[in-house]
Amino acid sequence: MPLSFSLADEPFLQVRYLDGRTSRLGLRGLFTDAAKIADFESPHPPAAAAMLRVLYGMAFRIAAAMEPALADGDVAAAPRQWLRARNSVLATGQFDPGCVQHYFDAVGAGLDLFDAARPAFQDPRLVQECVGTDGKPSPSGVNKLVAGRPSGVNGAILFGHGTDAAASPVHPGAAIWEVLTQSYFGPCGQCTPRRIKADKPGNGMIGPLRGTVSYHPWGPDLFTTLLLGLPCPDPDHADLAPAEPFPWERADLPDALAPAEALSWPAGVLTGRSRHAVLLVPDRENGQIIDAYVTWSTKAAPSPALDPYLIYDTGKGDELQPRKADLDRSVWRDLDALMMDRAGTSRPAIFRHTRWMPSHLRPQVRVRALGFAQERGQQRDFGWYSATTPPLVPWFHEHDPAMALRFEQCRTAAESLGKALQYAAKQAWADVVARGKIDAKKPGPWVEPTMTAYWSDAETIFWELTQSSNTRRPHLDFRSAAETALTTVISTQRRDIRIARALQHARALLWKAVPTPATPVGQ
């Protein structure tokens with residue numbers, strides 16, 4: 001009997017219901033119960049970021065069956081009309097069970113991980129196209145598939161301790177998360193060679209989300225979360241093609257040598273940016289994944305269209321660059337970049353239309369951040385993180401400009417004092433060792449512990465300062481936190497006159513970072 005693993009019905013998704021219960025569901029069950037589900041679990045944050053984009057696509061199809069205007073090209077050309085149609089689905093309170101059943105019945109074959117002709121999110125041609133000089137299949141190894149396992153030049157071990165010589169097999173319910181992670185976060189450079197016609201290149205291009213942090217609206221239940229996460233159509237950035245199929249809906253396989261086509265909405269925006277192809281190799285006896293092919297899927301240049309869940313910063317030549325995931329940068333330091341656009345920063349498009357979000361939902365919507373710190377141009381992975389903010393939408397610029405500005409002022413004050421503290425810690429060490437001049441290569445032992453202590457306290461101060469009733473000057477509070485961090489670290493040293501003078505000098509440097517209050521007019 002042929003192997004089968006239906007993502008529609010196999011319980012590979014761990015979910016938490018609103019009443020605290022947990023359960024495992026397939027995609028059909030997830031959408032049927034979405035209004036009762038608070039959250040779903042993933043093996044790691046990049047897998048969640050990838051899965052969300054797939055779930056948004058499925059939510060679009062089911063919602064469009066409930067409200068056909070969502071998939072009407074004329075409506076999509078007028079974003080306000082499209083948002084009204086989305087809100088009409090939100091008002092129903094749940095995905096229609098009949099529409100859910102009909103959809104997953106229709107796409108069932110495309111969601112089978114082991115379908116012979118069209119395995120879900122995979123390319124079955126790789127077994128013939130990824131071959132060695134002897135003509136035999138040349139898979140990449142299961143460790144190449146699983147994020148966090150060491151393989152090749154990427155020696156980082158983020159979880160597990162398998163080796164290429166003794167790679168642990170992967171359950172198919174876990175493997176799908178890794179397939180999606182490769183599709184969105186895979187590296188550029190050397191990969192398993194893939195021969196098509198006369199060409200056999202062994203290098204690929206960067207995954208569309210590699211090294212980035214995504215921001216997603218997070219509602220009180222999964223039904224709301226998925227509908228609020230649907231990207232609003234924007235004809236300036238993607239061709240409006242609501243009928244274009246998603247990968248699991250296609251009957252054919254993409255032409256790997258075809259020139260790039262214009263990115264479409266919503267299928268292309270959500271699921272059409274991958275530069276990697278994957279094929280799982282199961283054990284024919286028990287279905288466990290024992291090997292995998294991971295290679296390039298296209299050589300066409302990626303579309304310049306922006307991802308709707310990323311912050312973009314203006315780089316050299318006014319080119320927009322996605323903000324990088326940074327393990328040392330807490331999510332609160334990016335919140336003002338979600339609340340409003342500023343010169344040099346473009347907020348995620350998914351947050352540009354909160355004015356048309358139902359008013360009763362705004363106070364309930366939080367933001368989920370999902371980041372994967374990686375070298376964008378290399379094959380090194382450093383780590384991942386996730387965070388969920390308190391409700392933020394009522395403070396966005398279109399709803400409360402003063403509060404959005406307050407968030408920005410508090411964040412910039414924290415950054416300013418952080419920069420001053422880093423310099424002061426370096427200078428204090430230079431003063432103590434009698435150089436007086438900072439050595440860029442040897443800044444001293446005080447910088448790292450001082451900055452760690454400061455940023456830990458700064459987050460608490462930030463949330464205190466952004467309470468609506470708080471009008472204190474933010475620089476003063478952050479300066480106090482900076483001085484406390486520096487004093488605590490330096491005080492662990494044996495006290496003498498040099499250390500006392502160095503600390504006094506460092507404190508003076510911190511005060512210089514506090515701007516003088518403006519003098520009222522007429523005084």
Quick one: count up the residues across the stretch 474-516 that are under 33 Å from the mean Cα position of the chain (by Cα) and of a type outside the set (Gly, Ala, Ser).
5
Has the stretch 460-468 got at least one residue that is modelled with pLDDT under 95 and within 30 Å of residue 352 (Cβ to Cβ)?
yes
Scanning the stretch 341-353 for residues that are surrounded by fewer than 20 Cβ atoms within 10 Å (Cβ to Cβ) and in contact (Cβ under 8 Å) with a residue 60 or more places away in the chain, the one nearest to the chain's Cα centre (by Cα) turns out to be 349
Single condition residue 34 does not satisfy, out of (1) farther than 20 Å from residue 17 by Cβ; (2) touching a helix residue (DSSP H, G or I) at 6+ places or on another chain (Cβ under 8 Å); (3) of a type in the set (A, V, I, L, M, F, W, C)
(1)
Here is a list: 267, 251, 243. Which entry is modelled with pLDDT under 95 and either under 20 Å from residue 58 (Cα atoms) or surrounded by fewer than 20 Cβ atoms within 10 Å (Cβ to Cβ) (or both)?
251
Could you grab me the full set of residues in the stretch 74-100 that are touching a residue at least 60 places away in the same chain (Cβ under 8 Å), surrounded by 14 or more Cβ atoms within 10 Å (Cβ to Cβ) and part of a helix (DSSP H, G or I)?
76, 79, 82, 83, 84, 86, 87, 89, 90, 100
Residue check, residue 425 of a type outside the set (D, E, K, R), crowded, with 19+ Cβ neighbours inside 10 Å, touching a residue at least 12 places away in the same chain (Cβ under 8 Å) and within 30 Å of residue 357 (Cβ to Cβ)
no
Test of understanding: among 481, 508, 453, which residue is in a helix (DSSP H, G or I), without any contact (Cβ under 8 Å) to a residue 40 or more places away in the chain, surrounded by 14 or more Cβ atoms within 10 Å (Cβ to Cβ) and of a type in the set (Gly, Ala, Ser)?
453
What number of residues within the stretch 251-287 are part of a helix (DSSP H, G or I), more than 17 Å from residue 206 (Cα to Cα) and of a type in the set (S, T, N, Q)?
0
So, residue 224, is that one at pLDDT 95 or above and over 22 Å from residue 129 (Cα atoms) or not?
yes
Residues that are in a helix (DSSP H, G or I) and in contact with a Ser or Thr (Cβ under 8 Å, 6 or more places away or on another chain): does the stretch 183-198 have at least one?
yes
Restricting to the stretch 329-340, and then to whatever is touching a residue at least 24 places away in the same chain (Cβ under 8 Å) and not in a helix (DSSP H, G or I), can you tell me which residue is nearest to residue 460 (Cα to Cα)?
330
Return yes when residue 431 is in a helix (DSSP H, G or I) and over 33 Å from the mean Cα position of the chain (by Cα) and no when it is not.
yes
Residue among 105, 123 that is under 29 Å from residue 179 (Cβ atoms), at pLDDT 95 or above and over 29 Å from the mean Cα position of the chain (by Cα)
105
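Which of the strands (runs of 3 or more DSSP E) contained wholly in the stretch 1-66 include at least 1 residues that are crowded, with 23+ Cβ neighbours inside 10 Å and either of a type in the set (Asp, Glu) or touching an Asp or Glu at 6+ places or on another chain (Cβ under 9 Å) (or both)?
Values: elements: 13-17, 22-25, 37-40.
The strands (runs of 3 or more DSSP E) meeting that bar are 37-40.
The values are calculated or read from the model by the stated rules, or taken from the named source; none is laboratory data. Because the structure is a prediction, the values reported are computed rather than measured. Using ideal geometry, Cβ is built from the backbone for each residue, glycine included, and neighbour counts are taken over all protein chains shown.
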